[in-house]
Amino acid sequence: MSVERTIRKIVSHRKALYEYEVIQRFEAGIALTGTEVKSLRAGKVNMADAYATFPNRSSDELWLIGLHINPYDFGNRENHDPIRKRKLLLKFNELHRLRDAIEEKGLSVVPLSLYFSGPYVKVELALVRGKKLYDKRAATKEREQRREIQRGNNE
């Protein structure tokens, strides 16, 4: 029995799709404090420099580093640290698959988007490989060709 939840996107990291080649996508939960969730509801977040990593080789925990959630405007002295490390919640086998890919193949894990799935905050993670300069140029050229074709069809 699956429950259908409404999805509301908070922020997406569009530059990641330009900078990296996405190999596999994952959906993860994220451990947040109350003021962080309130700040996310207001849309005050920046994920430009965010990435996910394991603290050491034997750890079974994946942490999101570099995600900047602004302090809640109406928070008090208990407000959160904007750039603290946040624990990602994944299944055990997904964690091992990610660890193997990072260690053996030299890949990275970056967040692509942050969204509300019902009352829960979820992160769309991607296992990525960095693009070379010529790959970026080819992607830009292909995108421009698609736009030209689309313009031709609309006229």
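Taken together, the values in this text are just the output of simple stated rules run on the coordinates, not laboratory data. Worth saying up front: this structure is predicted, and the values here are computed from it rather than measured. Note that we place each Cβ from the backbone using ideal geometry, even for glycine, and neighbour counts take in every protein chain shown.
Distance between the C-alpha centres of the range 43-108 and the range 1-32: 13 Å, rounded to the whole angstrom. Name the most mobile residue of TYR20, TYR115, TYR134, meaning the one with the largest mean-square fluctuation, in a Gaussian network model of the chain with Cα contacts below 10 Å. Greatest mean-square fluctuation among the candidates belongs to TYR134.
For the range 116-122, the Karplus equation 6.51 cos²θ - 1.76 cosθ + 1.60, evaluated at θ = phi - 60°, returns couplings of 8, 10, x, x, 9, 8, 10 Hz by residue, with Gly and Pro reported as x. Computing volume of the Cα convex hull per residue in Å³ for the structure here picks out one of [x] 157; [y] 140; [z] 165, namely [z]. With R₀ fixed at 30 Å, the C-beta to C-beta distance from ALA42 to ARG84 puts the FRET efficiency at about 0.95.
Cross-link check: pairs LYS9/LYS85; LYS44/LYS87; LYS44/LYS141 evaluated at a Cα-Cα cut-off of 25 Å; pairs beyond the cut-off: LYS44/LYS141.
Taken along the Cα-to-beta-carbon direction at a fixed 7 Å, the label points for ASN93 and GLU144 span 4.5 nm. Less than 5 angstrom separates the built amide H of LEU112 from those of GLU124, LEU125, ALA126, all sequence-distant by 5 or more or on a different chain. How large is log10 I(q)/I(0) at q = 0.16, 0.19 Å⁻¹ when the Debye formula is applied to the Cα atoms of the range 1-87, each weighted equally and without solvent? Listed by q, the Debye log ratios stand at -0.79, -1.05. Residues in the range 85-102 carry Karplus couplings, in order, of 6, 10, 6, 9, 10, 10, 6, 4, 5, 5, 4, 5, 4, 5, 4, 4, 5, 5 Hz; the curve used is 6.51 cos²θ - 1.76 cosθ + 1.60 with θ = phi - 60°, and Gly or Pro positions show x. Measuring r between the beta carbons of GLU104 and LEU17 and using R0 = 25 Å, the FRET efficiency lands at 0.55.
Computed from backbone phi, the HN-Hα couplings of the range 45-61 come to 8, 9, 10, 4, 10, 7, 7, 10, 8, 8, x, 8, 5, 8, 6, 10, 10 Hz, rounded to whole numbers (Karplus: 6.51 cos²θ - 1.76 cosθ + 1.60, θ = phi - 60°; Gly and Pro given as x).
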